[in-house]
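Take this structure, written in structure tokens, and hold onto it; I'll ask about it next.
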Amino acid sequence: MELVYISVYRMYRIITILLFFLPAIAAGQIPVIFQHLNSAHGLSDNNVNAIVSDKNGFLWVGTDKGLNVYDGKTVSLFAKSNSGSFVAEEITALFCDSFNRVWVGTPAGAVLIDEKRQMKKVELSDTFKNYSVKEILYTQSLGIIIFSNKGNFFFNTNSKRWEKIQFFSQQQFKNRAVDISSFGPNQILMCDEFESILLVDFVQRKEVWRLPVKYVVTAARLNDSTILASTFTGIIYFINSRTQKIQKTFTLSTFSKSTRASVSIVKMRPLPNGKFIFTTYYDGLLLLNPTNLQFEQFTHEFKNPVSLSGNRTKEIYCDNKGNVFISIENFGLSYFNIYRKTVNNINVLQNLSGDFFDGPVNMITKDKDGIYWMAASDRLMR
């Protein structure tokens with residue numbers, strides 16, 4: 001056993017690189033530490049299109065090549081197109097309801113996975129068998145709603161059949177809905193690509209209002225009276241949902257580290273801590289504090305294993321524990337926790353001769369003289 005003498009009173013000889021503190025010193029803020037989930041961990045594909053967690057805490061990950069389940073330690077492939085009632089490999093939407101059933105959308109229809117994890121194909125109509133699912137959401141008045149290229153459907157509990165929502169059809173849009181999100185228990189926001197934002201009420205059974213916004217691609221609820229909307233080119237609007245008036249406007253490129261003239265936004269969603277998160281085509285991840293308009297930007301950093309795994313970010317999902325999952329084109333998922341920010345550190349110890357030790361330390365204790373002793377697998381240090 002080798003004995004290496006290190007004086008605890010000469011701490012400049014102990015080089016401890018704490019990634020937790022470096023950005024904090026530079027920017028005055030606690031850094032976000034990203035973890036990753038991809039094909040190296042067992043995902044069936046690195047292109048992730050949909051994410052949701054169930055009541056048991058399992059994470060469901062829909063990819064271009066099948067549906068995966070992550071239990072926090074291992075990834076298992078739940079289904080592909082050749083698995084019984086499963087209709088297609090590509091997953092386009094996921095939703096978990098209050099009964100712990102998982103609804104799965106694909107380009108060839110929807111599948112219901114019940115609480116016992118048995119699968120059943122969802123047949124919306126006798127007149128067509130295949131339909132492409134854009135989104136699956138829940139409203140108090142109509143229950144589960146499936147948004148598809150054949151129209152938008154809900155399950156009528158009286159007739160025990162799926163019925164088309166007549167007042168609100170996909171054919172109302174000149175182009176296509178690029179983003180759909182909940183605004184309230186019975187209201188949703190929709191972005192008609194490059195043209196307008198809609199607020200739809202399923203109790204009143206009508207389109208409440210439509211606001212023309214050029215190049216709009218995503219919108220989300222800030223509070224009862226305010227909506228945040230973003231254009232593809234990174235212009236952010238604060239909109240009064242009662243008067244449909246734009247209250248405030250600013251441009252993300254002003255705050256971004258990007259060298260391009262504009263930041264290309266993909267999607268935006270609110271987080272439980274009050275901030276908003278943005279995914280982008282080229283510029284990684286953006287976090288906005290809507291109160292003071294302060295931004296944080298996170299990008300892939302070469303040789304930094306706790307940075308984003310790539311800069312082409314797409315889907316966003318936040319579970320009830322504050323875990324935020326981001327899908328990244330060709331690189332699976334990167335995720336972090338908005339409440340518990342992990343410390344990642346690399347310890348390097350240097351002895352008086354200038355030699356370095358960078359292995360794991362198994363135990364640390366302090367003797368009666370105030371000297372710290374550190375036990376590694378192959379040496380004892382003090």
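Can you name the number of the only condition in (1) part of a loop (DSSP other than H, G, I, E, B); (2) closer than 30 Å to Ala88 by Cα; (3) not small (Gly, Ala, Ser) that Lys214 fails?
So the condition that Lys214 fails would be (2).
Select, from Thr279, Thr226, Thr291, Thr259, the only residue that is over 16 Å from the mean Cα position of the chain (by Cα), modelled with pLDDT of 95 or more and of a type in the set (S, T, N, Q).
Only one candidate qualifies: Thr226.
Another question about this same structure. Taking only pairs six or more apart or across chains, which ones have beta-carbon atoms under 8 Å, a first residue in the stretch 363-382 that is β-branched (Val, Ile, Thr), and a second residue that is surrounded by 12 or more Cβ atoms within 10 Å (Cβ to Cβ)?
Between residues of the stretch 363-382 that are β-branched (Val, Ile, Thr) and residues that are surrounded by 12 or more Cβ atoms within 10 Å (Cβ to Cβ), the close pairs are Ile364/Tyr372; Ile364/Trp373; Ile364/Met374; Ile364/Ala375; Thr365/Tyr372; Thr365/Trp373; Ile371/Val8; Ile371/Arg382.
Mind checking which pairs have a first residue in the stretch 70-81 that is among the acidic types (Asp, Glu) and a second that is at pLDDT 90 or above and surrounded by 11 or more Cβ atoms within 10 Å (Cβ to Cβ), Cβ under 6 Å, 6 or more apart or different chains?
Asp71/Phe58
Looking at the stretch 163-214 only, could you name the residues that are among the hydroxyl-bearing types (Ser, Thr, Tyr) and modelled with pLDDT of 90 or more?
Ser181, Ser182, Ser196, listed by residue number.
State all residues of the stretch 189-221 that are over 25 Å from the mean Cα position of the chain (by Cα) and farther than 16 Å from Thr249 by Cα; if no residue qualifies, say none.
Those that are over 25 Å from the mean Cα position of the chain (by Cα) and farther than 16 Å from Thr249 by Cα: Glu195, Asp201, Phe202, Val203, Gln204, Arg205, Lys206, Glu207, Val208, Trp209, Arg210.
Which strands (runs of 3 or more DSSP E) sit wholly inside the stretch 315-373 and have at least 3 residues that are at pLDDT 75 or above?
Per the criteria, 323-328, 332-337, 361-366.
Something else now. Determine the pairs where a residue that is in contact (Cβ under 8 Å) with a residue 12 or more places away in the chain and under 13 Å from Ile144 (Cα atoms), located within the stretch 85-100, has a partner that is β-branched (Val, Ile, Thr) and surrounded by fewer than 21 Cβ atoms within 10 Å (Cβ to Cβ) with Cβ atoms under 8 Å apart, the partner being 6 or more residues away or on another chain.
Note: pairs meeting the criteria are Leu94/Val52; Phe95/Val52; Phe95/Ile144; Cys96/Val52; Asp97/Ile144.
Give, as residue ranges, the strands (runs of 3 or more DSSP E) completely inside the stretch 53-161 that count at least 2 residues that are among the charged types (D, E, K, R).
On the way: elements: 59-63, 66-70, 75-79, 93-96, 102-106, 109-113, 119-122, 133-139, 143-148, 151-156.
Those strands (runs of 3 or more DSSP E) span 119-122, 133-139.
Only one residue in Val208, Val203 is loosely packed, with under 15 Cβ neighbours inside 10 Å and in contact (Cβ under 8 Å) with a residue 60 or more places away in the chain, so which one is that?
Numbers: Val208 fails: in contact (Cβ under 8 Å) with a residue 60 or more places away in the chain.
Just a single option satisfies the conditions, and that option is Val203.
Please determine whether any residue of the stretch 137-151 is more than 26 Å from the chain's Cα centre (by Cα) and without any contact (Cβ under 8 Å) to a residue 60 or more places away in the chain.
From the stretch 137-151, those more than 26 Å from the chain's Cα centre (by Cα) are 141-142, 150-151; that's our starting set.
With the extra rule that they be without any contact (Cβ under 8 Å) to a residue 60 or more places away in the chain, the set shrinks to 150-151.
Within the stretch 137-151, one or more residues are more than 26 Å from the chain's Cα centre (by Cα) and without any contact (Cβ under 8 Å) to a residue 60 or more places away in the chain.
The values are calculated or read from the model by the stated rules, or taken from the named source; none is laboratory data. Quantities reported herein were computed from a predicted structural model and do not represent experimental measurements. Heads up, the Cβs are rebuilt from the backbone with ideal geometry, glycines too, and the neighbour counts pull from every protein chain shown.
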